[in-house]
Amino acid sequence: MGKKLSQVLEEAGIPLESPGDKTGGPPPGREIHKEPGPRAKKLRDMYYQTLSSADNEFPYWYSRKYFELENEIPVVRRALSLKEAFSHLTPVIYPGELIVMSKAAHYRGSFPMPWLSEGFYMAKEDEFYQEALKRGSTSVDEHSKFGAGGGNVTHSFGKIVSIAGKFGMRAEEIPVLLHLAQLWHNKSVDDLGHKYEQMVPGYDIKEKIMRNIVCMFDSGYTLPQGREVTNYYYPLEYGFDGLIAMAKDKKAMVAGRAGGDGMAGLNRLYNYEAVIRVLQGIQAWILNYAKEARRLAAVEKNRNQKKEYGDIAERLDWIAHKPPRDFRDAIQICWTIHVAVLNEDAISGLSPGRLGQVLYPYFRRDIDAGKISAEDVLELLECQRVKFTCLDCFASMGVVGGVLSGSTFNNLSLGGLDKEGKPAANDLEMLILEAGIKCSTPQPTLSVLYDERLPEDFLLKAMECIKTGTGYPAFMNNRVAMDFVSDHYGPEGMTTEEARSWAIGGCLETSPCAWMPLHLDGKTHWISGGAGQPTSVGVHFISLPKILELVLFEGVDQRTKERIFPSHGLALDSYENVFAAVKRYFAEAVDVLNLCNNIQHDVWRKNNMAVFHSLLKPDCLEKGHLINEMGYRYNATFNIETTGTINLVNSLAALRKLVFEDKKVALGELTEALAANFGFRTAQEVDSFSLADQEKKNDSGTYDRVHFLCLTAPKYGNDDPCADDILRDWEDWLCSMGANYESLYGKPLYPCQISVSTHGPMGAAAIATPDGRLQGTTFADASLSAYPGTDRNGPYALFQSATVWNHARSQNSQLNLKLHPSAILGLAGSKKLLELTRAYMRKGGFHIQYNIVDSSALKEAQRHPDEHRDLMVRVAGFTQYWVEIGKPIQDEVIARTEYGEV
Amino acid sequence: MSDAKRLHRDCLNYAPLDGTKGICHRTKDPVPADLDACAEFAASPKCRSCGHYGPDPQKSGIGICGASKNRFAAYADMRAGTCGDYQKKA
C-alpha cells in the first residue's frame, strides 16, 4: 500500500492538520445540552426508530382522476386531480401528537409524483431507467451516497423494497408503482421536457454536460418549487370558507371578460375554478383527520388522551372552514398549509419564513389572557419540530442524496426588521430558540436575520443555541439581503419597506416577501410572507473545477474521455487566457442549460402548475393568475448555481503563480500530473473522500515536486491578495453575467452560491485540480469556506478574504466555520462567538454558520454510527443527522479546518 | 390472505410508522406490521375486501376497481377508508 498524503506531507515538513486540531484527549461533551419534554421526546424517539417510507395513495388517486378528465382545461384538470388525491389520503394520528396531519400514511411518509418524472425509480434494467441514464437524468445517482444508518432504506429487505436508495416501499405496492409510472411515460414533465429541449440548438452539449456531471440536475422535473418562503396569510385572515367565497365572487366578476388581456384574461375564470376545487380537496383532507380523531376519541380509554383527540377533532373541524381562534388553531393551520403545499408538488426548501412573527399576535393575546402558558407553547413548538423533521422529500437518489443529503430545508427565519424598520425579534422567537435547544432536530433549521439593532439577549440566546452543536441558527446579514432584494426585485416594484420583509427560503436563498395585514381583535398586524416564485430553479449546479478541467484539456472530460465542448480556441499561454477560457465555457454551459431548463419549467407550468401554493401568495387571488401566469408579485427568481468556487480560485492562483509568474512548472507538466492524479490512487479505491487520507499508488515520486508546489501555492482564506484578487475578479464577472440570460418568465438570472451537498458527488466526478486536490475528493464546501486545512491565519484573515467582493450582488454567499467547543465556553465564550459573527457581518459578509464540534467526536461517530443516532452536523446550509449523510460529506466535515481559538 | 391472518397492519388500531411496524392505538406500543393481531382486531377497509375490487387477468399484483369510470387499476392492499365507493364484500 502506498503512503497516505498526510504521511508524505509530514515527511516533507508540510503539516496538513487544522490549526486548532491540537486539543488532544477525549472529545469534550457539549456545553449546552437539554432534553425535550416527555411528549416531544416520545415522538422524537419514534422518529429515530422509523424508516423513510413511500406509498402510492396520493399518486394513485391523482392519476385515476387525471386520466378520467381528458380534454378538460389543464388547470381545472390539475385541480380536480389534486382534490381527488387530497380527499383520499388516509388520516393517521399518533398517540401523544398535539399537532396532526402528515404528508402520507407513514410517520416519515412521502410518495412519488410520476407526472414529474418516472424513470429514476424504475429497476436499473428497465428501459425507462436506461433512457434516463442516457440523457443524464440519473447519471449523478451513480456518484451520490446516502448514509447507511438512521432511517434511510438503502437496500431492500424482507417485504420492503428500497426505492431511489432511500425510501422503503411495501412489496405489495410495487406493481401499482410501476403501473402508474407506465401511465405517465411520455407524459411526465421529464419526458415531455426532454422531447422539446432536444429542439434547442446545441442540445447535445447539454446532454453531455449532464451525463458527465458538469452540471448536477434539472430543476423542472425534479424539484420544480421550493427554496422559497411560503405564505400562511390568506387562510389566517379569511379561513378556507372565506377563500372559497372570495374565489366564487371573483369568478363571477371575470367570467367571459378579457380585462384588457387578450392572451390570458379569460384564464382567470378557470384559475378561480381551480382554486375552489383545490380548496375543497384540502377541506376534505382536514375533515378526514377530524373524523379519525373523533373515532379515536370514541374508543380511547385514557381520559387525557381521549380529551386530546376530542380537542384535535374540534380544532380540525373549525380550521377546515374558519380562521384560527387562538394560538393552538393558528399553529395547526400553518402546519396544515405547509404540508398541503408539499403534497401539491415535489418541493425541497419550503421555508415557513418568519413563523414566530406570523404567530406572535395569537401568542401575545393568549399569553396575556392566561389562555396558554409559555410552557404549553414550548411543548407545542417542540412537537412542531418533530413534525417538520418527519417530512421527507421524494425524488431521485442524485437529488435527495447527492444534493440534499436527505434534508428538506424548512428554514425558519428569526429576527430581522419589521415594516417600520424596528427590530422584529419577539418573545415567541425566544421560545422557538429554546425549543431548538431542547428538542434538537434537523427541521426546522433556524436562521437569524442579523441586524445591528437586534436585542443582545436575543442574540446571546442564538449563541446558546449554536453551542448545542446542532449547527443552527445560521446568521444572515439583513443589510446585505435588503440591498440584494431591493436591487434585483426593484424593477418588479420592491420598495425599501417591502425589502425589510425578506426571509430565507431553503437553506440560504434570499427570498422576496411582502407585508400582509392580519386583523385580530380590531388591530392590524403586518406579517411577513413569501411573495416570490421558487428560487434555485434554472441552472443547477455547475461544477467550477470541472469547467477548469475542460479548459485545460480542450473540452474533453478526463474521467469519461468524452468531448463536451468544442475547443475553446484560446492559446493557454497566459493566465488571462486561461481565465477567459473558463468564463467562455461557463457561459456556454449556462446558455444551453438555461434554454433547456426554460422548456422544462414551461412544460411544468402548462400541466403541473401550483394551484394551492399560488393562492397563498400575493397577488394571485387579486389578479386571477397563478404562478404560471406570473400571478406572484416577484417573478425574477431563476438563478445560476455553482459549486467548487474555492477550488477554482485556488487552482487559478496556482496556475498563475507556478506556470505563468514563477514558471516553476510547465503547463503540460501540470496537466500530465493532473491526469495521473499526482501518482495517487482514486478516492473510490481508497474509500475516503478527504484529501489527507488519499494513498499513493507506489513509492515513485514522479509527480511529487509538482504536487508539493500545487499544495503550497497561494490559497484563499489567508488574507492573501494572490488568491483573493482572483476571487474578486471571478465574483465581479459572475454577478454581472446572469443578466445576459432570460428565464421563461422573461426575467434576468442572478448567481446563487451555495453548495448544499453537491461538493461531494461533483468532487467524485472531477479529476485532480491544480490546487493539489486529488481526484474524487470533495470540493471545499459552500462558496466561501476555505478548502480544509488551507486557512492558516485565523478566522479574521478568512473573513478578510471572503469579503473582497460585494455580497449584495449575489442571492447569497456561504461561509461555514468549524470551532472546537473549548473555544467558546461559558457566557464569555458566547460573547466572543457573537463578536466573531458581528465582525463578519460588519465586513459585509452575508452568511456564517458554525459547527461546534470536536473532529475526533465525528471520527468516533463514523466508526460507531449505531451509537450516535442523534448526532447532528451542519453541512452547507442545513443540519442533518450524521448517520443519514453519505461518507464523502462525512469525510469533508471531519476534514474542515477546526479552529481552537477565536 | 391477510383477511384470514388478521395482521396488525390490517387493523384499524394500527397507526403505521413505516412498512415494517406501527403503533397500536390500544396499547400505545410498537407492533410489527406482519404479525398476527390480538383478539381486539378490527378490520381496516382495504380494496381486497371491497365488492368493487377484482383481479386484472392481464397484470400480476394489480386488480381493477369496478367503481371507477374507466375501470382503473387498483391493488388489493390499498387502504379504502376514505373511498366513498367502498362496499364491504358480503
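Rule-based calculations on the coordinates, nothing more; no lab input. All figures in this text were calculated on a predicted structure; none of them were measured in a lab. Virtual Cβ from ideal backbone geometry, glycine too; neighbours counted across all protein chains shown.
Are there GluC sites (Glu not before Pro) in region A:432-520 that DSSP puts in a loop and that have at most 14 other Cβ atoms within 10 Å, and which ones?
Values: sites: A:GLU434, A:GLU452, A:GLU456, A:GLU464, A:GLU492, A:GLU497, A:GLU498, A:GLU509; in loops: A:GLU452.
Sites meeting the loop and neighbour criteria: A:GLU452.
Taking the Cα atoms of the protein assembly as shown, report the difference between the largest and smallest coordinate on each principal axis, in whole Å and largest first.
Per principal axis, max minus min of the Cα coordinates gives 86, 65, 64 Å.
For all pairs of alpha-carbon atoms in region A:605-702, what percent lies in each bin of width 5 Å, listed from the first bin to the last filled one?
2, 10, 11, 12, 11, 8, 4, 4, 6, 9, 10, 7, 4, 1, 0
Any chance you could count the Lys pairs in region A:408-500 whose alpha carbons are under 25 Å apart, treating pairs 8 or more apart or on different chains as valid?
4
What aspartates and glutamates sit close enough to B:LYS21 to cross-link, taking a C-alpha to C-alpha distance under 17 Å and skipping anything fewer than 8 places away on the same chain?
The reachable aspartates and glutamates, counting only those whose Cα sits under 17 Å from B:LYS21, are A:ASP45, A:ASP55, A:GLU172, A:GLU173, B:ASP10, B:ASP29, B:ASP34, B:ASP36, B:ASP77.
Dipole of chain A, Cα-centred, from +1 at each Lys and Arg C-beta and -1 at each Asp and Glu C-beta, to the nearest 20 debye?
That gives chain A a dipole magnitude of about 1500 debye.
Trypsin sites (Lys or Arg not before Pro), restricted to region A:546-589: which are DSSP loop and have at most 12 other Cβ atoms within 10 Å?
Sparse-neighbourhood loop trypsin sites (Lys or Arg not before Pro): A:LYS561.
Report, ordered by chain and residue number, the aspartates and glutamates lying within cross-link reach of A:LYS3, taken as a straight Cα distance under 19 Å and ignoring same-chain residues fewer than 8 apart.
Qualifying aspartates and glutamates at Cα under 19 Å: A:GLU11, A:GLU17, A:GLU685, A:ASP687, A:ASP693, A:GLU695, A:ASP699, A:ASP704, A:ASP891.
Divide by every residue of chain B the summed helix terms, -39500 (n - 2.57) for each DSSP H run of at least 4, and state the resulting mean residue ellipticity at 222 nm, rounded to the nearest 500 deg cm²/dmol.
That comes out to -500 deg cm²/dmol.
From the cross-link list A:LYS606/A:LYS747; A:LYS306/A:LYS523; A:LYS546/A:LYS606, which pairs have alpha carbons spaced over 26 Å apart?
Values: A:LYS606/A:LYS747 19 Å; A:LYS306/A:LYS523 36 Å; A:LYS546/A:LYS606 34 Å.
In this structure, A:LYS306/A:LYS523; A:LYS546/A:LYS606 exceed 26 Å between Cα atoms.
Please work out the C-alpha center-to-center distance from region A:362-418 to region A:559-614 and express it in whole Å.
First find each Cα centre; the distance between them is then 36 Å.
Do the sum for chain A: with -39,500 (n - 2.57) for every DSSP H run of n ≥ 4, divided by all residues, what is the mean residue ellipticity at 222 nm, to the nearest 500 deg cm²/dmol?
-13000 deg cm²/dmol
Past 21 Å, Cα to Cα, is the threshold; run A:LYS322/B:LYS46; A:LYS322/A:LYS387; A:LYS663/A:LYS696; A:LYS42/B:LYS28; A:LYS166/B:LYS28 against it and keep the listed order.
In this structure, A:LYS322/B:LYS46; A:LYS322/A:LYS387; A:LYS663/A:LYS696; A:LYS166/B:LYS28 exceed 21 Å between Cα atoms.
Say R0 is 45 Å: what FRET efficiency, to the nearest 0.05, do B:LYS89 and A:ASN304 get from their beta-carbon distance?
Once the sixth-power term is evaluated, E becomes 0.70.
Can you return the lysines within cross-link range of A:LYS617? Criterion is Cα-Cα under 17 Å, with same-chain partners fewer than 8 residues away left out.
A:LYS250
Roughly speaking, what is the centre-to-centre gap between region B:22-90 and region A:201-262 when only Cα atoms are used, to the nearest Å?
35 Å
Please report Rg over Rh for region A:743-902, where both radii come from the alpha carbon positions and Rh follows the Kirkwood definition.
Checking Rg against Rh, the ratio lands at 0.99.
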